[in-house]
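Here it is: the structure, laid out below.
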Amino acid sequence: MKKGKKHQQGTGARVNGNGNAQRHGEHESWKKLKLVEIHQALNCDPVDIETLRRAAISKGGLLTDEIRRKVWPKLLSVNVYNLPAKPTKDVRENHKDFNQVLLDVRRSMKRFPRGMRVDEKQVLQEQLIDIILVVLQKNPALHYYQGYHDIVVTFLLVVGERMAIAILETLSNHHLRDFMDPTMDSTKHILNYLMPILEQVDPQLHDFMLRAEVGTIFALSWLITWYSHVLSEFRHILRLYDFFLASHPLMAIYFAAVIVLHREKEVKQTECDMAMVHQLLSQIPQDLPYEELITQAHCLFTCYPPSLLAKCAALQSRKSITINCFKAFQTATEQQRPDSVLRRQLLRARGLGGPDSQLVLSRDTQPNQAANQLVKMAVWGISATLGAAALAVAQTVLDWAPDFF
C-alpha cells in the first residue's frame, strides 16, 4: 500500500510539472502574439492607436521597456524624430521653482533602481531637475507641485532625458493639467469623483466613509504621482503607467476607487473614526492584485463614466481643463504616421534621402560602430531564439540604441 501511495504521489508531481510547463508555454505564446500585434499597429499608416491602447490596458500591459519606448510616444502623439534639445545650464538661472524642485529631487533617491551606483543616481537627479525646469519654462501656465518629480523620474528611467521632456510637456498640458493650476482647487475637484464612484458600487461602504468623515485626502498622493510615490515595485508603477497613458485622465481616480473597494472588509471592520480610517487607507498595500484591479477600474469607467458622476452636486460647480480637452486630444493622436515614415521625412528634410537613407542617422543620434555591432548581435540572437515575433522587440532595441550606448 505504501508503494502504491508513493507511486501515486510521484505521478501527481509529474502531472503538475507538465502542467506548469504547459502554462509557461501558453504564457510565452501569448506574449509573442501580443508583441506581433503591437508591432503591426505601430507600422500601420496611420498608426493603429486603438490597438495600442488595448494592448496597454489589457493583461500584462506593454510587456517591456523597449516596447514602452515605442508605444508611449504614440499614445501621446509625440514625434520621436523631433525631440527637444538637451537642456542647457541656464535653465536653472533665476527660476522661481528651482529651490523647491532641488529639495524634492534630492529626496528622490529611493525612486532609482536598487544597486545603481551613487554617481549614476546623481547624474539622473541632475537630469531630473533640468527636465522639470524646462517643461515649466516652456509652459508658463503650468505650476510645479510636490509629487510631480515622482512622475518625471519614471519617464526619465524608461525613455531618457530628451524623450522625457517631450512626453512630460504633452502629459502636463493634458492628463496632469488640473494638478498644475496655481491652487489646489482643480485637484480637489478631481478627488471629488472618488466618493460618487463608491456610492454607485457599494452604498454601504460609501455611507460608512461619510460617517467617518474621512474625506478623500488619503488618495491625494496616489492621484498626483500616478501611484509612483506610494508603490515600491517599479514594475507595478510601469504597469499602471501603461494603463493611465492609454485611458481617460480620470482613470487614476477610478483606480483609487477599486483599491478602496478591494479593502472593503478592512475598512468596515475599522472603528468609524476619521483618524483610524484615514490611517488604514493611506497605507496602500504593496501586494495588490494589479491586473484584476486594472480590469475592474476599466469596467467601472465604462459603467459609470465621468459624465454620469458629474451630475452629483459636488461636481457641478467646476469645469476641468483636463476633462474638457481630452476628446480633442484623443482624436489628434489617431492621425500619426509610423516611425519608419517619420524617419524618411526627417532624412529627406536633411538631404539624406538616398538609397541607403534607412541606415543614415543624424549626428545627434548616430551610434558608434562598436555599439551598433553589439545591437546587431543581440538582434540576431533574439530572432534566432524566438523567431519572427521577437523582431518587434529587436527592432525597437535597434532604433533606440543611440540613446542607451
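What number of residues in the stretch 38-65 are assigned to a helix (DSSP H, G or I) and either at pLDDT below 95 or not charged (D, E, K, R) (or both)?
Total satisfying the criteria: 12.
All but one of (1) under 30 Å from the mean Cα position of the chain (by Cα); (2) at pLDDT 80 or above hold for LEU347; which doesn't?
(1)
Could you tell me whether the stretch 107-125 includes any residue that is open to solvent by less than 60 Å² (accessible area, probe 1.4 Å), within 20 Å of the chain's Cα centre (by Cα) and hydrophobic (A, V, I, L, M, F, W, C)?
Looking through the stretch 107-125, at least one residue is open to solvent by less than 60 Å² (accessible area, probe 1.4 Å), within 20 Å of the chain's Cα centre (by Cα) and hydrophobic (A, V, I, L, M, F, W, C).
Among the residues of the stretch 241-269, which ones are in contact (Cβ under 8 Å) with a residue 24 or more places away in the chain and open to solvent by 20 Å² or more (accessible area, probe 1.4 Å)?
HIS248, LEU261, HIS262, GLU264, LYS268 - these are the residues of the stretch 241-269 that are in contact (Cβ under 8 Å) with a residue 24 or more places away in the chain and open to solvent by 20 Å² or more (accessible area, probe 1.4 Å).
Follow-up question, since we're still on this one. Does THR170 satisfy the condition of being modelled with pLDDT of 95 or more, open to solvent by 10 Å² or more (accessible area, probe 1.4 Å), of a type in the set (S, T, N, Q) and within 30 Å of LYS86 (Cβ to Cβ)?
yes
Same structure, new question: Could you pull out the residue among LEU128, LEU136 that is free of Cβ contacts under 8 Å to residues at least 40 places away in the same chain and out of contact with any His (no Cβ under 6 Å at 6 or more places or on another chain)?
LEU128
Also: Can you tell me how many residues in the stretch 303-329 are in a loop (DSSP other than H, G, I, E, B) and either farther than 27 Å from ARG54 by Cα or among the hydroxyl-bearing types (Ser, Thr, Tyr) (or both)?
Result for the stretch 303-329: 8.
Moving to a separate point now. Kindly indicate the residue of the stretch 48-62 that is touching an Asp or Glu at 6+ places or on another chain (Cβ under 8 Å) and of a type in the set (A, V, I, L, M, F, W, C) and also surrounded by the fewest Cβ atoms within 10 Å (Cβ to Cβ) among those meeting that condition.
Per the criteria, the residue is ILE57.
Testing LYS34 on (1) under 19 Å from the mean Cα position of the chain (by Cα); (2) assigned to a loop (DSSP other than H, G, I, E, B); (3) surrounded by 14 or more Cβ atoms within 10 Å (Cβ to Cβ), one condition comes back false. Which one is that?
LYS34 satisfies all of (1) under 19 Å from the mean Cα position of the chain (by Cα); (2) assigned to a loop (DSSP other than H, G, I, E, B); (3) surrounded by 14 or more Cβ atoms within 10 Å (Cβ to Cβ) except (2).
Ok, one more. Among the listed residues ASP207, ASP202, ASP130, which satisfies the condition of being within 20 Å of ASN99 (Cβ to Cβ) and of a type in the set (D, E, K, R)?
Just one listed residue meets the conditions, ASP130.
Let me ask another. Any residue at all in the stretch 282-300 that's farther than 18 Å from VAL230 by Cβ and open to solvent by less than 60 Å² (accessible area, probe 1.4 Å)?
The answer is yes; a qualifying residue exists.
Given the condition among the small types (Gly, Ala, Ser), in contact (Cβ under 8 Å) with a residue 60 or more places away in the chain, open to solvent by 10 Å² or more (accessible area, probe 1.4 Å) and in a helix (DSSP H, G or I), answer yes or no: does some residue in the stretch 182-201 qualify?
Within the stretch 182-201, not a single residue is among the small types (Gly, Ala, Ser), in contact (Cβ under 8 Å) with a residue 60 or more places away in the chain, open to solvent by 10 Å² or more (accessible area, probe 1.4 Å) and in a helix (DSSP H, G or I).
Within the stretch 320-331, identify whether any single residue is out of contact with any Phe, Trp or Tyr (no Cβ under 6 Å at 6 or more places or on another chain) and either over 30 Å from ASN192 (Cα atoms) or at pLDDT below 70 (or both), and answer yes or no.
No, the stretch 320-331 has no match at all.
Applying the selection to the stretch 72-93, what residues are part of a loop (DSSP other than H, G, I, E, B) and either more than 20 Å from the chain's Cα centre (by Cα) or free of Cβ contacts under 8 Å to residues at least 60 places away in the same chain (or both)?
Passing the criteria: TYR81, ASN82, PRO84, ALA85, LYS86, PRO87, THR88, GLU93.
Can you tell me which residue within the stretch 213-240, out of those that are assigned to a helix (DSSP H, G or I) and among the small types (Gly, Ala, Ser), is surrounded by the most Cβ atoms within 10 Å (Cβ to Cβ)?
ALA219
Could you list, in sequence order, the residues of the stretch 225-284 that are of a type in the set (Asp, Glu) and farther than 28 Å from THR51 by Cβ?
GLU264, GLU266, GLU271, ASP273
Scan the stretch 282-302 for residues that are more than 19 Å from the chain's Cα centre (by Cα), assigned to a helix (DSSP H, G or I) and either modelled with pLDDT under 95 or acidic (Asp, Glu) (or both) and report the count.
1
The values are calculated or read from the model by the stated rules, or taken from the named source; none is laboratory data. Because the structure is predicted, anything quoted here is derived from the model rather than measured. So basically every Cβ, Gly included, is an ideal-geometry build from the backbone, and we count neighbours across all protein chains shown. Accessible surface areas use protein heavy atoms only, side chains included; no ligands, DNA or RNA. Shrake-Rupley method; radii C 1.70, N 1.55, O 1.52, S 1.80 Å.
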